[in-house]
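Take a look at the structure set out below.
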Amino acid sequence: MPNLVPVIIKSPNLISMKKFISVCIILTVLYACGNQNGTVSNSSVTDENKTEGGNPSYDPNRGEGKFKSVEVSGKLDDVMAESGNKVYSVKCSSCHKTTEEKLVGPGWKGVTSKYSAPWIMNFITNTDEMITKDPRVQAQLEICLVRMPNQNLTDTDARQLYEFMRKNDGVK
Amino acid sequence: MQKTKYNTIAMASFALLLGMLSCKPKNAGNAVSADAAAKAYVAPGKYDEYYNFVSGGFSGQMAVYGLPSGRLLRVIPAFSVDPEKGYGYSEETKPMLNTSHGFVPWDDLHHPEMSQTNGEIDGRWVFGNANNTPRVARIDLTTFRTTEIIELPNSAGNHSSPFITENTEYVVAGTRFSVPPDNVNGDVPINTYKQNFKGTISFISVDKADGKMDIAFQIQCPGVNFDLSHAGKGKSHGWFFFSCYNTEQSNTLLEVNASQNDKDFIMAVNWKKAEEYLKAGKGRKQSVKYASNRYDEKTHTATSTIKTEVIVLDSKELKDICYMIPCPKSPHGCDIDPTGEYIVGSGKLAALIPVFSFDKMIKAIAAKDYIGDYQGIPVIKYESALYGEVKKPGLGPLHTEFDGKGNAYTSFFVSSEVVKWNIKDLKVLDRASTYYSVGHLCIPGGDSKKPSPKYLIAYNKITKDRFLPTGPELAQSAQLYDISGDKMQLILDFPTIGEPHYAQAVQADVIRKNSLKFYKLEENANKYVSKGEGTTKVVREGNKVHVYMTAIRSHFSPDNIEGIKLGDEVYFHVTNLEQDWDTPHGFAVKGAVNAELLIMPGETQTLKWVPERIGMFPMYCTDFCSALHQEMQGYVRVSPAGSNVPLTFSLGTNLPKAGPEVKK
């Protein structure tokens, strides 16, 4: 079971030392190079402040992609979740279990409490960019070593999958 | 350094030598100049400006190069099996190579021709001809795959093909060998050529929407050799022109016997008229056998249908379809300029290039300005159709392309050169040496209404000392010339696959934007698709075992199969579950007397395997797919016939006694 690195957001102007910023830039460049090969060196993802400093526009809570906010009701939409289950079985189940067990990628149990709805939907539709930019995905990649493929989900697919994940996490 | 020096000296002396041989002296500008490398240079990561589709000749395939870099981008299997891609080996693609003779694994592709709309290349399809067992292939330029192959009855050696009309209404196919028609007994003495042999040209219709080909009609012509052809365009749209040789009708030692006549012919065919006759029911139905093979992009499966009838129009009875224009000495190229007015014949044994005028030809036909007939086909008086002759252009003219600026470029095989000349005044403007013995030429869009005359490529038959030696067999070569200025400038040599004959090129944008990235899983209608690992299974039907398998980075499901018995035929139906660009998986199993599968994302392909011994057979992914590619493997256990090992399949289930170190 992979540990997810907690995200601490600090405002970059609190640490506005010139030297520190240049270190950040260098680290970010190294970091980007590492991504090309699908592997990342250990030193590059340990400090969220550095990552954020080098990439201030990235919002680690929302991720990056077309979903800014997602309307989620307190109750489960069963029909949507069932459609999501179908998408899961064709495009996701080869690598993800619905339990906590890691297969190729991490198990899905608890995923909706660890990540926001926009983050999840952005990640599954804008995969390559998120792998490049997101510190938690970076950490995950070090564990799995397989870059998650972009399965070319439609917006509807993504939303349905999210509902299926909610169901899997016990939402009634 | 030494080599560069040697090459420069060799080139310079060769240029000098050719300069002395040809009528017009060469200047130093013909040698490779210093800026040549910069002109052909495409920086790493940058795209080429043009796609170049080059015939693979006796490889049977079509190669795709980028220009100006000359980088090989892809080899598209067309008429020959390609184990690298599983083409002709997978169950889905085997029917593509079916013919009335059965499965034919090889052919000889000579001429690519791209589809056109309004006389301009539209980037939808590229056609290719099979010169041995007569066929035409259609390659889809969204997938860069051969999507259809049609066989041609009453034909032998489909050389004069697959040239098209300006809206791709038809693809033509003129037989190089005349033969007795398929519906009569061909068991006749060979030296009855004159009585029994016929030359057939086929008009293959192309569906506007989906490109599907059918033989619309054939025209039975006298027994001669049809060599090349091109459609009229603009004002001459509605006509097709075919070069003919062996009008002597010789059946032996053609080298001598087919070179007797001072003039052979360019046959002008009024295909609009032929359409009228067809509509009026003037054709006769003839029973034949030919294969029509189509690949379905949704089922990822080819189907071969044997068709049994064609409609034949007789050129002798239906007087105003065909006309012969005398053309000096065994014409090869038969090329129409972008305006549609000028028809350039390249008599390969002639010392001049005749240029015919479409307008004059029409007038001559109206005035019945004939000098007689050839086996019932009127022969127009040479001078009455002639616009003029290019005098002493070089030796052995073969083929002409156009720049759309009033100039023509003709290749000369014997004198190894490209000659640029002006169509209006028929004056030679420039010469450039080729290394060596050039066949066809290509200017992007050079046989369309709208050429893009930045480059010219010469496709050479002989390479000799141009590249590092590789034993007796050498790569053939293409040479790229910058033709943006008044003088042609050689800027690059690049080796080709098989033998390059004709080629076509087009601005990259015409094709690039339509390129498919993957097949959508939702649309996969293969009979044996597995949509998700949950649907994978192994099913026995008698001695046939169907393995419904999936591939994703980086495992197969299932990856352990037991209960296969000697005498079984195993079909691995592998679905690639990836849905992203450039994520193919391969599949191979030990001992298969077959090739691999290369399965594109979202696609299902099937490998047939008949194990011939008992034991353990590994299978694995052949196309490096991820960091754990080397883990993408599995086992198939083969037991003796009659064994009672049950048929089982699994993924991720190690048996309890697998070993003490296995813990979860």
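Tally the DSSP beta bridges in chain B and give the antiparallel ones as a percent, rounded to 5. Once the DSSP bridges in chain B are tallied, antiparallel ones form about 90 percent. Grab the beta carbon distance between B:K450 and B:T192, set R0 = 35 Å, and tell me the FRET efficiency rounded to 0.05. For B:K450 and B:T192, the calculated efficiency is 0.15.
Loop-located GluC sites (Glu not before Pro) in the stretch A:64-172 (DSSP state not H, G, I, E or B) with no more than 11 neighbouring Cβ atoms inside 10 Å: A:E71. Rounded to the nearest 20, the size of the Cβ-charge dipole of the protein assembly as shown about its Cα centre is 640 debye, with Lys and Arg at +1 and Asp and Glu at -1. What is the calculated FRET efficiency for B:T305 to B:T252, with r their C-beta to C-beta distance and R₀ = 30 Å, to the nearest 0.05? It comes to 0.20.
Relative to the 2.2 N^0.38 Å rule of thumb, the protein assembly as shown has a C-alpha radius of gyration ratio of 1.13.
Most tightly packed first, judged by the mean number of other beta-carbon atoms within 10 Å of their residues, the peptides B:494-500, B:515-521, B:609-615 read B:494-500, B:515-521, B:609-615. Efficiency by 1/(1 + (r/R0)^6): what FRET value for B:L73 and B:L474, r their Cβ-Cβ distance, R0 = 25 Å, to the nearest 0.05? Efficiency computed from Cβ-Cβ geometry: 0.65. The simple spin-label model puts a point 7 Å past each Cα toward its Cβ; for B:N118 and B:N261 those points are separated by 4.0 nm. Annotation for the stretch B:392-445: trypsin sites (Lys or Arg not before Pro) lying in DSSP loop with at most 15 further Cβ atoms inside 10 Å of their Cβ are B:K405, B:K424, B:K427. Spacing of the modelled spin labels on B:L429 and B:R613, each 7 Å from Cα toward Cβ, amounts to 6.8 nm.
From helices alone, chain B scores -2500 deg cm²/dmol at 222 nm; the rule is -39500 (n - 2.57) for each run of n ≥ 4 DSSP H residues, then divide by the residue total.
With 0.36 nm allotted per residue and the present C-alpha distance subtracted, the B:K208-B:L628 stretch has 146.6 nm of extension available. Straight-line cross-link partners of B:K360 among the aspartates and glutamates, defined as a Cα under 13 Å from its Cα and at least 8 positions apart when in the same chain: B:E341, B:D369, B:E383.
Charge tally around B:S639: other residues with Cβ under 14 Å, Lys/Arg +1 each, Asp/Glu -1 each, net +1. Pairs over the 22 Å Cα-Cα cut-off, from the set B:K198/B:K319; B:K233/B:K368; B:K368/B:K391; B:K233/B:K450; B:K46/B:K487; B:K279/B:K319: B:K233/B:K368; B:K368/B:K391; B:K46/B:K487. Per residue, the convex hull spanned by the Cα atoms of the stretch B:282-367 amounts to 207 cubic angstrom.
All of the numbers you see were taken from the coordinates with simple rules; none came from a lab. Everything numeric in this text was worked out from a predicted model, so none of it was measured. Note that each Cβ is placed from the backbone with ideal geometry, even for glycine, and that neighbours are counted across all protein chains shown.
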